[in-house]
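**Q** Starting off with a structure, shown below.
The values are calculated or read from the model by the stated rules, or taken from the named source; none is laboratory data. These numbers were taken from a predicted model, which means no experiment stands behind them. Cβ coordinates were reconstructed from backbone atoms using ideal geometry, including for glycine residues, and neighbour counts include every protein chain displayed. SASA here: full protein model, heavy atoms, side chains in, ligands and nucleic acids out. Shrake-Rupley method; radii C 1.70, N 1.55, O 1.52, S 1.80 Å.
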Amino acid sequence: MSIAKNVFLMGGVGNQLFQIARACSHRDNGHDVYILKLSRHTKLIYRLIGFTHHDDWIDIDKVLCKLSFKRKEISYKQILILVILFMLRKLGINKYFDTKIDEAPNFLNKFIDVGYYQSSKHLTSNAVKDVGYALIDILNISSDTDNSSIVLHIRGGDFSEKDRLKDHDIKKVKDFAQRRNLQINIVTNDKIFAKKVTGINENISINNSNSALEDF
């Protein structure tokens, strides 16, 4: 049975790309999907829900077009629902925020689906690939088949302790690199922090660009 799934785009470009992958995941599962975005009263609404407003450094509309999604403005009724969902989240009631892809409540998702969706519990692998291929095409990124390294991007101390990379995360990267015989290159804005969490002293470079797009 096809059910309407409204996915709300919020936050910086990184968050929005995961949310677009969430929309792709719903579509993979046979649902009708609509992309909701807030263009009016953005800063006010973001302040109400305690969210930071960022400028998009990739044309999100191009990504949506490439993936054949239509974007529509969120309604005032949906804004009210959004504010309530964030208030519930602040109170520790996360039942309707960041739900797993197979547990999203249908009665609510006819209205709005909200979250960050940054794990395999929230997205299908095909959806992540679809968004990646769209970015490759839009940004005209070339594929280097001879590349023998992977890049790990580590942001410095602007995360709370609980949200930072853990030892098991680093171990997964190192194990993957070892299996594929790949060198690990680290890009960071905090070299000391990157060395501390990875134990890697070589192949670390500092971001020196003037824009998020250049960093990407």
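**Q** Among all residue pairs at least 6 apart or on different chains, which show Cβ distances below 8 Å where the first residue, located in region 65-85, is at pLDDT 80 or above and surrounded by 13 or more Cβ atoms within 10 Å (Cβ to Cβ) and the second is in a loop (DSSP other than H, G, I, E, B) and hydroxyl-bearing (S, T, Y)?
**A** Close Cβ pairs (under 8 Å, with a partner that is in a loop (DSSP other than H, G, I, E, B) and hydroxyl-bearing (S, T, Y)) amount to L85/Y96.
**Q** Six or more apart or on different chains, Cβ atoms under 7 Å: show the pairs whose first residue is in region 150-162 and surrounded by 14 or more Cβ atoms within 10 Å (Cβ to Cβ) and among the basic types (K, R) and whose second is at pLDDT below 65 and in a loop (DSSP other than H, G, I, E, B).
**A** Close Cβ pairs satisfying both conditions: none exist.
**Q** Give K195, K162, K174 a once-over and let me know the one that is out of contact with any Asp or Glu (no Cβ under 7 Å at 6 or more places or on another chain), under 22 Å from S119 (Cα atoms) and modelled with pLDDT of 80 or more.
**A** K174
**Q** Please enumerate the residues belonging to region 103-132 that are of a type in the set (V, I, T), modelled with pLDDT of 90 or more and either crowded, with 20+ Cβ neighbours inside 10 Å or not in a loop (DSSP other than H, G, I, E, B) (or both).
**A** V128, V131
**Q** For region 13-38, which positions are touching a helix residue (DSSP H, G or I) at 6+ places or on another chain (Cβ under 9 Å), closer than 14 Å to Y117 by Cβ and open to solvent by less than 30 Å² (accessible area, probe 1.4 Å)?
**A** Result: Q16, L17, I20, A21, R22, A23, C24, S25, H26, V33, I35.
**Q** Specify which of the listed residues (G50, G14) is modelled with pLDDT under 90 and over 15 Å from the mean Cα position of the chain (by Cα).
**A** Exactly one residue qualifies, and that residue is G50.
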